[in-house]
Amino acid sequence: MFTAVVYVLTSGCAWRHLPETFGVSPATAHRRFTAWTRAGLWRRLHRAVLDELGARGELDWASAIVDAASVRAKRGAR
């Protein structure tokens, strides 16, 4: 289940296109993803990975990447 969810998140494919080889339906994988998100799993997992890498001295905070989106401003609004 975890691998199927991570596949969708990292590949960018739609849930409905989840390959059958994962052995789980797209609907079930999406439900589990939603439940894990509500439970804060991704935040905790991210923190655990950062803590582990930091403990090993393998974090380099000299550079970072920010993901952003641009949205057109409403005409006349400031």
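The values are calculated or read from the model by the stated rules, or taken from the named source; none is laboratory data. Predicted model, so just to flag it, every value in this text is computed and none were measured. For neighbour counting, all protein chains shown are included, and Cβ atoms are generated from backbone atoms with ideal geometry for every residue, glycine included. Note: accessible area is taken over every heavy atom of the protein model, side chains too, but ligands, DNA and RNA are not part of it. Shrake-Rupley method; radii C 1.70, N 1.55, O 1.52, S 1.80 Å.
Scanning segment 67-78 for residues that are more than 13 Å from the chain's Cα centre (by Cα) and open to solvent by 100 Å² or more (accessible area, probe 1.4 Å) yields Ser70, Val71, Arg72, Lys74, Arg75, Arg78. Within segment 16-27, track down each residue that is in contact with a Phe, Trp or Tyr (Cβ under 8 Å, 6 or more places away or on another chain) and assigned to a helix (DSSP H, G or I). Phe22, Pro26, Ala27, listed by residue number. Here Thr3 meets the list (1) open to solvent by 60 Å² or more (accessible area, probe 1.4 Å); (2) touching a helix residue (DSSP H, G or I) at 6+ places or on another chain (Cβ under 7 Å); (3) in a loop (DSSP other than H, G, I, E, B) almost entirely, failing just condition (3).
Of the residues contained in segment 57-66, one or more are found to be surrounded by 10 or more Cβ atoms within 10 Å (Cβ to Cβ) and either more than 15 Å from Thr3 (Cα to Cα) or touching a Gly at 6+ places or on another chain (Cβ under 8 Å) (or both). Among residues of segment 46-65 that are in a loop (DSSP other than H, G, I, E, B), those with a beta-carbon under 7 Å from a residue that is surrounded by 11 or more Cβ atoms within 10 Å (Cβ to Cβ) at least six positions away or on a different chain give the pairs Leu59/Leu50; Leu59/Leu53. Evaluate the following for Thr10: is it assigned to a helix (DSSP H, G or I), exposed (fewer than 13 other Cβ atoms within 10 Å of the Cβ), at negative phi and in contact with a helix residue (DSSP H, G or I) (Cβ under 9 Å, 6 or more places away or on another chain)? For Thr10, the condition - assigned to a helix (DSSP H, G or I), exposed (fewer than 13 other Cβ atoms within 10 Å of the Cβ), at negative phi and in contact with a helix residue (DSSP H, G or I) (Cβ under 9 Å, 6 or more places away or on another chain) - is not met. Going by the structure shown, is Leu41 surrounded by 12 or more Cβ atoms within 10 Å (Cβ to Cβ) and out of contact with any Phe, Trp or Tyr (no Cβ under 7 Å at 6 or more places or on another chain)? Yes. When segment 1-54 is filtered for residues that are over 16 Å from the mean Cα position of the chain (by Cα), modelled with pLDDT of 95 or more and not charged (D, E, K, R), the ones remaining, listed by number, are His17, Pro19, Thr21, Phe22, Gly23, Val24, Ser25, Pro26, Ala27, Thr28.
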